[in-house]
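*Asks:* This is the structure, below, for whatever I ask next.
The values are calculated or read from the model by the stated rules, or taken from the named source; none is laboratory data. None of these values were measured; they are calculated from a predicted model. In this analysis, Cβ positions are derived from the backbone assuming ideal geometry, glycine residues included, and neighbour counts consider all displayed protein chains. Side chains included, ligands, DNA and RNA excluded: accessible areas come from the protein's heavy atoms. Shrake-Rupley method; radii C 1.70, N 1.55, O 1.52, S 1.80 Å.
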Protein chains: 2
Amino acid sequence: MAKRVINFYAGPAGLPLPALERAQAELLDFSGTGMSVMEISHRSKEYEAVHNEAIALIKELLSLPPNYHVILIQGGGHLQFGMVPMNLLYKGRGADFICTGTWADKAYKEGKIVAGELARCAASTKDDKFARLPYPGEIKIDPSSVYVHFTSNNTVEGTQFHTWPETGGIPLVCDMSSDFMWKPFDVSPFGIIYAGAQKNLGPSGVTVVIIRDDILQQCLDKELPSYLRYRIHVEKNSLYNTPPTFGIYILRNVLAHNKEIGGLEAIHRRNLRKAELLYACIDRHADFYRPFVKVKEHRSAMNVDFFLPTPEQDDAFVKAAKAAGMVGLKGYRDVGGIRVSMYNAVSVENVETLVAFMEEFVSKQG
Amino acid sequence: MAKRVINFYAGPAGLPLPALERAQAELLDFSGTGMSVMEISHRSKEYEAVHNEAIALIKELLSLPPNYHVILIQGGGHLQFGMVPMNLLYKGRGADFICTGTWADKAYKEGKIVAGELARCAASTKDDKFARLPYPGEIKIDPSSVYVHFTSNNTVEGTQFHTWPETGGIPLVCDMSSDFMWKPFDVSPFGIIYAGAQKNLGPSGVTVVIIRDDILQQCLDKELPSYLRYRIHVEKNSLYNTPPTFGIYILRNVLAHNKEIGGLEAIHRRNLRKAELLYACIDRHADFYRPFVKVKEHRSAMNVDFFLPTPEQDDAFVKAAKAAGMVGLKGYRDVGGIRVSMYNAVSVENVETLVAFMEEFVSKQG
């Protein structure tokens, strides 16, 4: 049996073991075909069943209303940073961007490449090192904007929107890469949601895009290269060109597992318990585990950044954790310190193990 | 042991068994990390070793000169249809397109979306149903073109360029998706080569782009969304954003296997032998196995299209082949009939088995 570590990577990140074991068992002979799922035509009925099941599971787990479409596409969040404004910002149409972290800021900059001054910054917490979210009164939205872009969870800085920004009815466009499906939520304020799979959903190389029909109808069509048009991917059920079949297969395995363990309600309860355990430990030892995010209601349940008193202690912590079978704890290069990422595949027991380690680590320093 | 079929799919297609077995063995514990290669950060030293090995193997197997860069990107040939003109056709710069099949024609149409009339058709064999390539005198290249685009192997129609189009020194840009690395070749006439991995190289979701440095220097930069700029992917060693790590890992496994079995010279000898065997059978029974491509010097060694006397016989052939353990033989929807795709992972023995089946099938009809 393979020796497995506890995986706190920020992404690509850990996947549910049953989803991987299923892939391993049928890697040379998928669904009785005598082929790997990697080796079979994307037009075959065996692959199409997997493809359609993945899309159906996203719709089911999120209880998506019928006016929402699901696209599976390549290129990650980065390609979406370009595609959203390319599809929606034309002929003087503008949008607002809420800049709350490294990736949110990047989405805004890409918007400016496409739309120039029509991509507007509605709020930025950069002057506070993105260590908090903007307060409602700080967000200035242009009423002519066709969408408001934000990042629901800031992977680098460890902040998370627990209530959606108020836009006065303007559709939200959201990069949910690092907290997609961490809980059930009502999609109706959203025009577009996109998420790279490699955090909560599957391997890198697959991006989920959810688009509301009225927004889809506003997208540019013939003027854009085909791959960059949302309309084509919707019309062709994400089979316009060869999709990343193996990645979608793993996504299907993860989603099927998520359904089996009780869906997003059960996952949400687990995620809340994990966050509670870890933040309680940090709060107990706030002089030693110094949180990057000071505003408690802006704390992320997915990514938790903190600093030990010295960078040498940070390094010693990462090293000792690795020796204890826990990996991926080194902070992002721009922030430093420690980052704990606890996506859906991280169990409550994994976090209990980490917290026990943290208690022991702090007691040894005292 | 998994029961494996003989795989003649046009793509995604069969992969070398040792490359898959290696993946299966370490799917839950890659390189002693206690994680799947899907679960580990793309910034980890363990993943970076795989990434760099894949790129180094492409350079080594093709003997790439130092003025060529290798990019691993998402989005398939379709995204390249858009990216090439977006990067190179600006400020009045035009290009020529040689239209020899379904995909070549698509590349031309996407060029027109980006560049309008500056994307020019240098030759088309559409009036002959793309059943042949243009003869040298039929290709009219505008001397001001900054590149000439062509498709080295036409997957749908079964034609293949065995000598490169003459351009008077204008760089070639080539979609090699369906015959990349089927033989060694001199890259010096090429400005850009791109190839979706899912035929000769690995799973879908990874695209190899090879770009000559002088062409890279002409690419647009700040005006394009970042993901669409070749320069960024070169500068960041294809780690600008999260790459499709598992796909690149399988690509590495396939390339390492290709090196082990003797590199592209050995693969070429095998591919020539396979083509010789299959075409000899077709030529022996030209009244029964009626080739789509009539011009022998334009025949593809990768994809071979033929028709039996009636569509009912085509169907019976596909069905009987499947019963005999051979899959993927149904022709492309626009052409019909039978298509045999015999990429690198198809062995000489596989083609011998097919030919024996074809001999038996024709004898039963007689």
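*Asks:* What is the P(r) of segment B:263-365, as percent of Cα-Cα pairs per 10 Å bin from 0?
*Replies:* 15, 52, 29, 4, 0
*Asks:* Pairs of Cα atoms under 8 Å, at least six residues apart: use those to get the relative contact order of chain B, whole percent.
*Replies:* Dividing the mean separation by the residue count of chain B yields 23 percent.
*Asks:* By how many nm would the segment from residue B:59 to residue B:25 grow when fully extended, if each residue of separation counts as 0.36 nm and the alpha-carbon distance is taken off?
*Replies:* Extending this stretch completely gives an extra 9.5 nm.
*Asks:* Of A:45/B:129; A:140/A:259; A:106/A:140; B:126/B:199; A:91/B:129; A:45/A:259, which pairs sit farther than 31 Å apart, going by alpha carbon to alpha carbon?
*Replies:* Numbers: A:45/B:129 28 Å; A:140/A:259 39 Å; A:106/A:140 19 Å; B:126/B:199 24 Å; A:91/B:129 40 Å; A:45/A:259 23 Å.
Violating the 31 Å limit, Cα to Cα: A:140/A:259; A:91/B:129.
*Asks:* Also: Got a number for the accessible area of residue A:109? Probe 1.4 Å, square angstrom, nearest 10.
*Replies:* Residue A:109 exposes around 110 Å² with every protein chain in place.
*Asks:* Taking a probe of 1.4 angstrom, what is the accessible area of residue A:293 in Å², to the nearest 10?
*Replies:* 10
*Asks:* Give me the number: length gained by fully extending residue B:3 to residue B:126, i.e. 0.36 nm times residue separation minus the C-alpha to C-alpha distance, one decimal in nm.
*Replies:* 40.1 nm
*Asks:* Solvent-accessible area per residue for the protein assembly as shown at a 1.4 Å probe radius, Å²? Spell out each step's value before the answer.
*Replies:* Values: 26530 Å² over 732 residues.
Averaged over the residues of the protein assembly as shown, the accessible area is 36 Å².
*Asks:* Shielding by partners for A:39-46, please: the mean number of other protein chain Cβ atoms within 10 Å of each residue's Cβ.
*Replies:* Mean partner shielding for this stretch: 6.
*Asks:* Let me ask you something else. Take the Cα of residue B:320, step 7 Å along the line toward its Cβ, and report every residue of segment B:337-366 whose backbone nitrogen sits under 19 Å from that point.
*Replies:* Taking a point 7 Å out along Cα→Cβ of residue B:320, the residues of segment B:337-366 whose backbone N falls under 19 Å are B:337-341, B:351-366.
*Asks:* Further question on the same structure: Using a 1.4 Å probe on the heavy atoms of the protein chains only, list every residue of segment A:99-143 that has 50 Å² or more less accessible area in the complete assembly than in its chain alone.
*Replies:* For segment A:99-143, once contacts with the other chains are taken into account, A:113 lose 50 Å² or more.
*Asks:* When we measure straight from the Cα of residue A:364, which aspartates and glutamates land under 19 angstrom away, once same-chain ones fewer than 8 places off are left out?
*Replies:* Candidates past the 8-residue exclusion: A:283, A:287, A:312, A:314, A:315, A:352.
*Asks:* If amide H atoms are built 1.01 Å from N in the plane of the peptide, which residues on other chains or at least 5 residues away come under 5 Å of the amide H of residue B:177?
*Replies:* It is B:196, by chain and number.
*Asks:* Moving on to the next point. With a Förster radius of 41 Å, plug the Cβ-Cβ distance of residue B:290 and residue B:142 into 1/(1 + (r/R0)^6) and report the FRET value to the nearest 0.05.
*Replies:* 0.60
*Asks:* With the cut-off at 1.5 for a/c, could you classify chain A from its C-alpha gyration tensor as rounded, prolate or oblate? Intermediate results must be reported in sequence, preceding the final value.
*Replies:* Numbers: a/c = 2.09, a/b = 1.16, b/c = 1.81.
Note, shape of chain A comes out oblate.
*Asks:* Inter-copy label distances at residue B:138, 7 Å along the Cα→beta-carbon direction, one decimal in nm, shortest first?
*Replies:* List, nearest first: 6.6 nm.
*Asks:* Continuing with the same structure: Does any residue of segment B:212-235 lose at least 40 Å² of accessible area with all protein chains in place compared with its chain alone, and if so which ones (probe 1.4 Å)?
*Replies:* Residues losing area: B:225, B:227.
*Asks:* Follow-up. Quick one: Karplus J couplings for segment B:201-216, per residue in order, coefficients 6.51, -1.76, 1.60, θ = phi - 60°, nearest Hz, x for Gly and Pro?
*Replies:* Working through the residues one at a time gives 10, x, x, 5, x, 10, 10, 9, 10, 10, 9, 7, 4, 5, 6, 4 Hz.
*Asks:* Any idea what the residue A:283 label distances to the other copies are, label 7 Å down the Cα→Cβ vector, nm, shortest first?
*Replies:* Label-point distances to the other copies, shortest first: 8.2 nm.
*Asks:* Which order do A:273, B:229 take by accessible area at a 1.4 Å probe, largest first?
*Replies:* Of A:273, B:229, the descending order of accessible area is A:273, B:229.
*Asks:* Give a residue-ordered list of calculated ³J(HN,Hα) values for segment B:179-193 (Karplus: 6.51 cos²θ - 1.76 cosθ + 1.60, θ = phi - 60°; whole Hz; x for Gly, Pro).
*Replies:* 9, 4, 6, 7, 7, x, 7, 7, 7, 4, x, 9, x, 9, 10
*Asks:* Where the accessible area of the protein assembly as shown is counted over protein heavy atoms with a 1.4 Å probe, how much of it, in %, is carbon and sulfur? Intermediate results must be reported in sequence, preceding the final value.
*Replies:* Details: 14040 of 26530 Å².
Accessible surface attributable to carbon and sulfur in the protein assembly as shown totals 53 percent.
*Asks:* What are the distances, in nm and sorted shortest first, from the label point of residue B:112 to the label points of the same position in each other copy, with each label point placed 7 Å from Cα along the Cα-to-Cβ direction?
*Replies:* 3.7
*Asks:* While we're on this one: Taking the Cα-to-Cβ direction at residue A:117 and at residue B:297 and moving 7 Å from each Cα, how far apart do the two end points lie in nm?
*Replies:* Going by the 7 Å Cα→Cβ label model, 6.1 nm.
*Asks:* Suppose R0 equals 41 Å; then what is the FRET efficiency for residue A:67 and residue B:46 from their Cβ-Cβ distance, rounded to the nearest 0.05?
*Replies:* Efficiency, rounded to the nearest 0.05: 0.40.
*Asks:* Moving on to the next point. Starting from the Cα-Cα distance between residue B:188 and residue B:91, subtract it from 0.36 nm times their residue separation and give me the gain in nm to one decimal.
*Replies:* Extra length from residue B:188 to residue B:91 when fully extended: 32.3 nm.
*Asks:* Need one number: buried accessible surface between chains B and A, 1.4 Å probe, both sides summed, DNA, RNA and ligands left out, in Å² to 100.
*Replies:* Separately minus together, B and A give about 4900 Å² buried.
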